[in-house]
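The values are calculated or read from the model by the stated rules, or taken from the named source; none is laboratory data. Quick caveat, the model's predicted, so the values are computed rather than measured. Using ideal geometry, Cβ is built from the backbone for each residue, glycine included, and neighbour counts are taken over all protein chains shown.
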Amino acid sequence: MSRSTPANGALEARGVVPNTVLEKPATAPTPVLEKAAERPEMPADVEAWLKHLQETERRKVELSGNQTAELTVFMQKSSVLGAGMGLMDPYDQSEGANGDKEPSSYTKGKILDLRPQWDELITFFNSVPPPEECRPLADDYSRALDEIPGMMGDLGEMLNGVANDPQKALEQAKKMQNGSYSGIDRYFARTDQKLGEICSKYQKAKWFNIASDVAAGGMLSKQMMGGLGAPGGLTGGSP
């Protein structure tokens, strides 16, 4: 009888080990399930505001493209019509003797009207306040957008004064190209970077981009403005 006690004890010890081994596989998947449940979801207010930004950006790109085309037409007409444009009142939209407006007068008037469209876009952008997480992004975008009406005003003033004071217009063009509005494109580029960071945070594909070629890469580009001092250009150089 004395020998049965150790045997029973050994059997009990052996019975404990398999139970421990069987329990381990059942607990292993738990951390994996928890990680899947913790995957970040983009908050509804963040996604909604980003869609508002997307629509603002769409309008910005369209407006910039349309106005760049208008400026190109104006500069082409100016180089052909020359100093005669300076004799016309850019605000005068009255009809001529044949019942038609002078093309140059109409074009110059349109240049001075480019700013209100940007003011409308700014109002649209500000109509939806950003959630706190998007505020740094919104601040950069707003800072860039707010400078564009001023740029358009200076650009219109410069082009409208070409015939009267070509040298002054050329100096204004160089000043604008060399940094007066360099912050516009820079802040748009920063906005695009921050947009990507927010999308990455929530593991969501970045579904639109912020264009950063409105000023130096667009309306103030060398391709657009370079003809001012060229022979036969807007400043009246010799061919």
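Within region 144-166, one or more residues are modelled with pLDDT of 80 or more, small (Gly, Ala, Ser), crowded, with 22+ Cβ neighbours inside 10 Å and in a helix (DSSP H, G or I). Among all positions in region 211-226, there is at least one residue which is modelled with pLDDT of 75 or more and among the charged types (D, E, K, R). Considering each residue of region 203-210 in turn, none proves to be closer than 24 Å to residue 135 by Cβ, modelled with pLDDT of 85 or more, out of contact with any strand residue (DSSP E or B) (no Cβ under 7 Å at 6 or more places or on another chain) and assigned to a helix (DSSP H, G or I). If the condition is being surrounded by 20 or more Cβ atoms within 10 Å (Cβ to Cβ), modelled with pLDDT under 80 and out of contact with any Asp or Glu (no Cβ under 7 Å at 6 or more places or on another chain), then region 173-202 contributes only 173. Kindly check whether there is at least one residue in region 180-196 that is without any contact (Cβ under 8 Å) to a residue 24 or more places away in the chain, assigned to a helix (DSSP H, G or I) and over 18 Å from residue 54 (Cα atoms). Within region 180-196, none of the residues are without any contact (Cβ under 8 Å) to a residue 24 or more places away in the chain, assigned to a helix (DSSP H, G or I) and over 18 Å from residue 54 (Cα atoms).
Annotation: residue 77 fulfils all but one of (1) part of a helix (DSSP H, G or I); (2) under 30 Å from residue 192 (Cα atoms); (3) modelled with pLDDT under 75; the unmet one is (2).
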